[in-house]
Amino acid sequence: MFFQFKKQHWIVEGPDWKHLHEALDKYAKTIAEVADKLAERINLLGGLPVSNPSRFTELAYVKFGGETKLIFEPCWKMIYMPNRLQFKL
C-alpha cells in the first residue's frame, strides 16, 4: 500500500491536486511508520520480519493496483453528479 499511495501522490493532478497530494503523502508516511513498528515488534518476539519484495506481494491482503492513475473529480461534482465519480485501478 505504501508504494500505491506514493505513486498516486507523485502523479495526482486536477483542481484538488494539492489537498490530495498532501493527504496521499500523509497516508504513505503513516503506513511506513506502522510497518516499521510492526517489524520491530516481530523481531522482539523472535520472528523475522518480511523484507523480500516478492514475499510482500505473496503475503499482501491488498493486491497491487497496477500502473494506472486514479481519476478524481472535483468535490462539487461528487455531490451533484455522483455517478460521474470514477476510480480506476
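The values are calculated or read from the model by the stated rules, or taken from the named source; none is laboratory data. Predicted model, so just to flag it, every value in this text is computed and none were measured. Because the Cβ atoms are built from the backbone with ideal geometry, glycine has one as well, and the counts that use them run over all protein chains shown.
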**Request:** Please work out if Arg55 is out of contact with any helix residue (DSSP H, G or I) (no Cβ under 7 Å at 6 or more places or on another chain) and at pLDDT below 90.
**Result:** yes
**Request:** Given the conditions (1) within 22 Å of Glu58 (Cα to Cα); (2) in contact with a Gly (Cβ under 9 Å, 6 or more places away or on another chain), report the number of the one that Lys6 does not fulfil.
**Result:** (2)
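For segment 52-62, does any single residue satisfy the condition of being outside any helix (DSSP H, G or I), under 14 Å from the mean Cα position of the chain (by Cα) and either of a type in the set (Gly, Ala, Ser) or surrounded by 13 or more Cβ atoms within 10 Å (Cβ to Cβ) (or both)? Can you show your working first?
First pass over segment 52-62, keeping only residues outside any helix (DSSP H, G or I): 52, 60-62.
Filter once more, keeping what is under 14 Å from the mean Cα position of the chain (by Cα): 60-62.
Applying the additional criterion that residues be either of a type in the set (Gly, Ala, Ser) or surrounded by 13 or more Cβ atoms within 10 Å (Cβ to Cβ) (or both) yields 60.
Among the residues of segment 52-62, at least one is outside any helix (DSSP H, G or I), under 14 Å from the mean Cα position of the chain (by Cα) and either of a type in the set (Gly, Ala, Ser) or surrounded by 13 or more Cβ atoms within 10 Å (Cβ to Cβ) (or both), which makes the answer yes.
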**Message:** Which residue is modelled with the highest pLDDT, if the candidates are limited to segment 1-26 and must be surrounded by 15 or more Cβ atoms within 10 Å (Cβ to Cβ) and under 24 Å from Arg55 (Cβ atoms)?
**Reply:** Lys6
**Item:** segment 27-51, subset among the charged types (D, E, K, R) and more than 14 Å from Phe3 (Cα to Cα), residue nearest to the chain's Cα centre (by Cα)
**Value:** Asp36
